[in-house]
Structures are given as structure tokens and as C-alpha cells.
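A.B. asks: Can you keep this structure in mind? I'll have questions shortly.
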Amino acid sequence: MSTSLLDQSSRTRKRNASERRFVRLGLGAIFLSLGFLAMLLIAIAGNGYGAFTQTRIDVAMTWDAESIAKAEKSIVKTAKYNGMIAKALRGQMEAAGIDPQMKDKELLQLVSSSAGAQLRDFVTATDATKGQFDFLASSRVDGYLKGRVTRASLAEDKNLSPAHLDLVDAMRAAGMVERRFNLDFIFGGDASESRPEAAGLGVSMVGSFYMVLVVLGCALPVGVAAAIYLQEFAPKNRLTDLIEVNIANLAAVPSIVFGILGLAVFIQFAHLPQSAPLVGGLVLTLMTLPRIIIPARAALGAVPPSIREAALGVGASKSQAVFHHVLPLSMPGILTGVIIGMAQALGETAPLLLIGMVGYIASNHPDGLISGFTDPNSAMPAQIYEWAKRADPAYIERAWGGIILLLAFLMAMNFVAIVLRRKFERRW
């Protein structure tokens with residue numbers, strides 16, 4: 001039976017239908033992935049944006065030299081300054097027509113426990129006899145204004161009572177309580193478990209910065225040099241095959257294994273300081289090396305052989321052909337691999353657990369360049385992990401906020417990789 005070439009056969013129709021199904025499945029997988037990504041980003045932003053604002057209580061205070069002298073002679077100096085804050089807060093509330101109807105100790109539960117130290121630091125550093133302070137509100141007050149704390153949830157809470165929330169509403173109406181952008185979360189240091197409202201990620205960001213410097217200074221030259229040797233100069237024998245197989249295997253080793261190795265070699269054997277960014281950077285260097293060598297070799301191998309042959313044909317040596325022609329052409333791929341490898345290292349937590357970077361409260365910035373490498377510190381992912389372990393919901397909120405900052409850093413590093421790739425990319 002003759003058929004026209006314009007008519008599709010049954011087999012052709014089946015193939016076309018199968019192709020359309022595959023396209024629909026592919027599009028469905030893409031949209032499903034984008035949906036999960038959107039859900040993840042919405043969850044992170046919804047739970048973490050509150051960390052970037054903080055409730056503060058404005059208090060106008062006056063003092064005299066005699067009261068300050070008595071406070072400084074006392075054994076419990078901070079308690080004396082807290083008493084001064086309670087007295088000023090009570091007077092300001094009464095002036096605004098608010099009757100506290102509670103003792104000074106209960107009134108101080110509205111304010112962060114760091115308020116006394118903040119007042120003392122100001123008084124001892126200046127000769128002033130008055131000042132306007134914006135003290136941090138306690139985590140429960142902050143949570144109330146953010147919708148995290150309710151009157152029902154305070155029924156069995158010893159830190160605050162529903163009567164305190166009535167005062168907060170009155171103080172807010174009088175302009176004494178206000179939520180403001182929280183720069184201390186970005187630039188400040190960590191705090192104890194009793195002061196979540198004062199905790200920040202700034203010191204941990206500095207620790208991550210010093211670790212990235214160590215990784216960049218160690219992994220970049222070693223990884224690129226190893227890739228150049230293995231791809232361009234190494235003889236093809238069993239030894240190089242064994243090296244290549246082990247590099248590929250090391251890229252798949254769980255990161256916590258590198259943490260155990262760093263604990264044994266750098267801390268127990270070499271006696272380097274525990275919890276220091278130097279040790280963390282060296283551990284992450286070991287983990288990052290395979291992730292730099294493999295893409296660097298791929299970038300070198302992607303350069304056409306004609307480039308090497310042309311350079312050798314005009315009298316260039318093997319090293320001249322590699323470093324003057326092959327390496328510049330492969331630089332975009334190498335830089336992309338290096339930056340992506342460093343971004344992965346920046347987000348690692350497991351290796352840092354083994355060297356103690358989660359057991360240290362990163363509350364103070366390093367004093368100098370050398371101390372930044374050798375003094376105990378934490379890192380952004382380790383700090384987020386530490387906050388997530390703590391019981392206060394305010395720390396959970398800060399953990400989500402820290403994830404936002406960490407994702408911003410990772411996205412910035414990937415953006416830099418894209419820009420460098422396009423800047424150095426050459427056509428042949």
C-alpha cells in the first residue's frame with residue numbers, strides 16, 4: 001500500500017509524541033525546582049528578616065559625680081547602674097502619664113541585661129552628667145513587637161508577664177519604644193545565651209574573612225600548580241593515574257573527615273591554636289584543593305591542541321607554550337573553579353566543629369592582623385549552627401538572619417566568578 005511522503009507514519013507519530021512528553025516532563029521538572037527554590041527563599045526571608053530590626057527603649061538620664069562614685073566603689077557595679085536606669089525609666093514613664101505599678105527589678109525586665117554595662121561604659125568614658133540612651137529591649141519585648149511572643153505564651157514565663165506587655169503598649173504609644181534597623185546584628189559580636197538581643201554576626205564574619213584569606217593563599221597556588229603539572233607536564237604512567245584517581249576520590253570525601261584530619265595534624269600534632277581562623281583555613285584548604293584542581297584541569301584541557309602546536313612550531317619551549325598561551329586562555333575556567341571552591345569552603349560547618357570553632361563565643365573583634373589569624377574566633381556557618389542550638393526563639397530568628405547574610409556572601413562570590421569569567425574570556 002503506497003503512502004505519501006507528506007503523511008506521518010505511525011512510528012513517526014509515536015516518536016513525536018514521545019518527544020513532546022519528554023519536553024513537558026523537562027519543563028515540569030524545571031518549574032517544580034523553581035517552586036521549591038522559591039519556597040526555600042520565602043521561608044528564609046520570612047523567618048530571618050526580623051533579625052535585621054531590633055526594639056530599643058529611649059531613656060533620658062541624668063546623674064551626678066557622687067552617685068557614680070558610689071556605683072564604682074560597689075562590688076556589684078552593674079547592679080548599681082541598673083538601679084539608676086530603673087529610676088530614670090520610672091520617672092520618664094510617670095512623666096508620660098504611665099503608672100508602672102511594679103518594682104524596679106520587674107521594671108528592668110523590659111530592658112536588656114547589657115544596659116547597665118552600656119551606661120557604665122559611657123559614664124566612665126566622658127565627663128557628661130546627662131545623656132539620651134537607646135537601650136536594647138529584652139528579647140521577650142522584642143519578640144512581642146515582632147509577633148513572636150503573646151500574652152498567652154507568657155503565662156508560665158518567668159522573664160516577663162502580661163502586665164509588662166501592657167506597659168510596652170503604653171510606652172510605644174508615648175514614643176519610648178521603637179523598632180529600628182539593627183546594625184549591631186551585622187557588625188556586632190555574639191552574646192551569652194541570656195542576651196540574645198545583643199548578639200551579632202560581625203565578629204564571625206571577620207573570622208570567615210581570615211579563613212578565606214588562608215584558603216586563597218594556600219589553595220590557589222598549590223591547586224593551580226598541581227593542575228598545570230598533571231595536565232601539561234606529568235608523564236602518563238601508573239603513578240599519575242593513581243594521583244588522579246585519588247584527587248577525584250578526595251573531592252567526594254565527607255567534609256567532617258577533613259575536620260578529623262585537621263584536629264589530629266594541626267592541633268594535636270602541630271599544636272596550633274584551637275578555634276583559630278588559621279587552623280580553620282588550613283582544614284578548608286585541604287578540603288578545597290581537589291575542588292580547584294579538577295575544574296582547573298578541565299579548563300586547561302579545553303584549550304585546543306592547535307594553540308600548543310602553534311606555539312611549539314614557532315620555537316617556544318613547553319613551559320612558554322603553557323604559561324604564555326594555554327594558561328591565559330584557560331584563566332576564566334580556573335578562576336571560576338577557584339571562586340566556587342572558596343564559596344563552598346565559606347559555607348562549610350562540619351570541619352569547624354572538630355577544631356572547636358563552635359565552642360567559642362565570638363564577642364570581640366581581633367586586635368590586629370596577626371591576632372585575626374591566631375586568636376580564637378568563629379565563622380559564619382559555625383555561628384549560625386551555634387545559634388540554632390540555643391533555646392531562646394530570638395536566637396532561632398538570628399540563625400535565619402545569619403543564613404540570609406551567608407547566602408548574600410555566596411551569591412556575591414558567584415557573581416564575581418561570572419564577571420571574571422566574562423572579563424578574561426577569549427575566543428579562538
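A.B. asks: Restricting to the range 134-179, name every residue that is polar (S, T, N, Q), closer than 18 Å to Lys103 by Cα and assigned to a helix (DSSP H, G or I).
C.D. replies: Correct list: empty.
A.B. asks: Follow-up question, since we're still on this one. For the structure I just gave you, tell me whether Val203 is touching a His at 6+ places or on another chain (Cβ under 6 Å) and more than 28 Å from Gly333 (Cα to Cα).
C.D. replies: Taking the combined requirement at face value, the residue satisfies it.
A.B. asks: Okay, next question. Quick one: in the range 105-123, which of the residues that are surrounded by 15 or more Cβ atoms within 10 Å (Cβ to Cβ) and of a type in the set (A, V, I, L, M, F, W, C) is nearest to Val76 (Cα to Cα)?
C.D. replies: Only one residue tops the list, namely Ala117.
A.B. asks: Out of curiosity, is Leu154 in contact with a helix residue (DSSP H, G or I) (Cβ under 6 Å, 6 or more places away or on another chain), more than 19 Å from Phe52 (Cα to Cα) and not assigned by TED's automatic domain parsing to the domain that holds Ala379?
C.D. replies: When the stated conditions are applied, Leu154 passes them.
A.B. asks: What pairs come out if I take residues in the range 215-243 that are in contact (Cβ under 8 Å) with a residue 24 or more places away in the chain and assigned by TED's automatic domain parsing to the domain that holds Ile340 and pair them with residues that are loosely packed, with under 12 Cβ neighbours inside 10 Å and assigned to a helix (DSSP H, G or I) whose C-beta lies under 8 Å away, six or more apart or interchain?
C.D. replies: none
A.B. asks: Of all the residues that make up the range 226-242, how many are within 30 Å of Leu346 (Cβ to Cβ) and β-branched (Val, Ile, Thr)?
C.D. replies: 1
A.B. asks: May I pose another question? Looking only at helices (runs of 4 or more DSSP H) that lie completely in the range 310-422, which have at least 3 residues being in contact (Cβ under 8 Å) with a residue 24 or more places away in the chain?
C.D. replies: 327-346, 350-354, 369-374, 380-389
A.B. asks: Out of the range 180-208, which residues are without any contact (Cβ under 8 Å) to a residue 24 or more places away in the chain and in a helix (DSSP H, G or I)?
C.D. replies: Leu183, Phe187
A.B. asks: Output the residues belonging to the range 58-77 that are at pLDDT below 85 and among the β-branched types (Val, Ile, Thr).
C.D. replies: Scanning the range 58-77 gives Ile75, Val76.
A.B. asks: Report, by residue number, each residue of the range 125-146 that is over 19 Å from Glu193 (Cβ atoms) and either in contact with a Pro (Cβ under 6 Å, 6 or more places away or on another chain) or free of Cβ contacts under 8 Å to residues at least 24 places away in the same chain (or both).
C.D. replies: Scanning the range 125-146 gives Ala125, Thr126, Asp127, Ala128.
A.B. asks: Now for a separate question. If you go through the range 124-169 one residue at a time, how many are modelled with pLDDT under 90 and buried (at least 16 other Cβ atoms within 10 Å of the Cβ)?
C.D. replies: Residues that pass the stated criteria total 5.
A.B. asks: Taking interchain pairs and intrachain pairs at least six residues apart, which have beta carbon atoms under 9 angstrom, with the first residue in the range 100-113 and in the same structural domain as Gly83 (by TED's automatic domain parsing) and in contact (Cβ under 8 Å) with a residue 40 or more places away in the chain and the second surrounded by 20 or more Cβ atoms within 10 Å (Cβ to Cβ) and among the hydroxyl-bearing types (Ser, Thr, Tyr)?
C.D. replies: If the second residue must be surrounded by 20 or more Cβ atoms within 10 Å (Cβ to Cβ) and among the hydroxyl-bearing types (Ser, Thr, Tyr), the pairs left are Gln109/Ser138; Leu110/Ser138; Val111/Ser138; Ser112/Ser138; Ser112/Ser139; Ser113/Ser138.
A.B. asks: Further question: Going by the conditions given, is Ile256 in contact (Cβ under 8 Å) with a residue 12 or more places away in the chain, of a type outside the set (Phe, Trp, Tyr), closer than 15 Å to Ala345 by Cβ and in the same structural domain as Val338 (by TED's automatic domain parsing)?
C.D. replies: Yes.
A.B. asks: Kindly indicate whether any position in the range 388-410 is under 13 Å from the mean Cα position of the chain (by Cα), surrounded by 14 or more Cβ atoms within 10 Å (Cβ to Cβ) and either closer than 16 Å to Ser275 by Cβ or polar (S, T, N, Q) (or both).
C.D. replies: No, that holds for no residue.
A.B. asks: Scan the range 173-193 and tell me whether some residue there is surrounded by fewer than 22 Cβ atoms within 10 Å (Cβ to Cβ), polar (S, T, N, Q) and either at pLDDT 90 or above or under 27 Å from the mean Cα position of the chain (by Cα) (or both).
C.D. replies: The answer is yes; a qualifying residue exists.
A.B. asks: For the range 78-104: of the residues being of a type in the set (Lys, Arg) and either outside any helix (DSSP H, G or I) or modelled with pLDDT under 90 (or both), which is nearest to Leu167 (Cα to Cα)?
C.D. replies: Only one residue tops the list, namely Lys103.
A.B. asks: May I pose another question? Restricting to the range 206-225, count the residues that are touching a Leu at 6+ places or on another chain (Cβ under 9 Å), surrounded by fewer than 23 Cβ atoms within 10 Å (Cβ to Cβ), under 21 Å from Gly347 (Cβ atoms) and among the aliphatic types (A, V, I, L, M).
C.D. replies: 2
A.B. asks: Mind listing just one residue for me: the one in the range 314-345 that is within 15 Å of the chain's Cα centre (by Cα) and buried (at least 21 other Cβ atoms within 10 Å of the Cβ) and, of those, nearest to Tyr229 (Cα to Cα)?
C.D. replies: In this case the residue turns out to be Met342.
A.B. asks: Here is a follow-up. Find all pairs meeting these conditions: Cβ atoms under 7 angstrom apart; at least six residues apart or on different chains; first residue within the range 57-68 and under 30 Å from Asn182 (Cβ atoms); second residue loosely packed, with under 12 Cβ neighbours inside 10 Å.
C.D. replies: Asp58/Gln132; Ala60/Gln132; Met61/Lys130; Thr62/Lys130
The values are calculated or read from the model by the stated rules, or taken from the named source; none is laboratory data. All values reported here derive from a predicted model rather than from experimental measurement. Don't worry about glycine lacking a Cβ; one is built from the backbone with ideal geometry, like all the others, and counts go over all protein chains shown.
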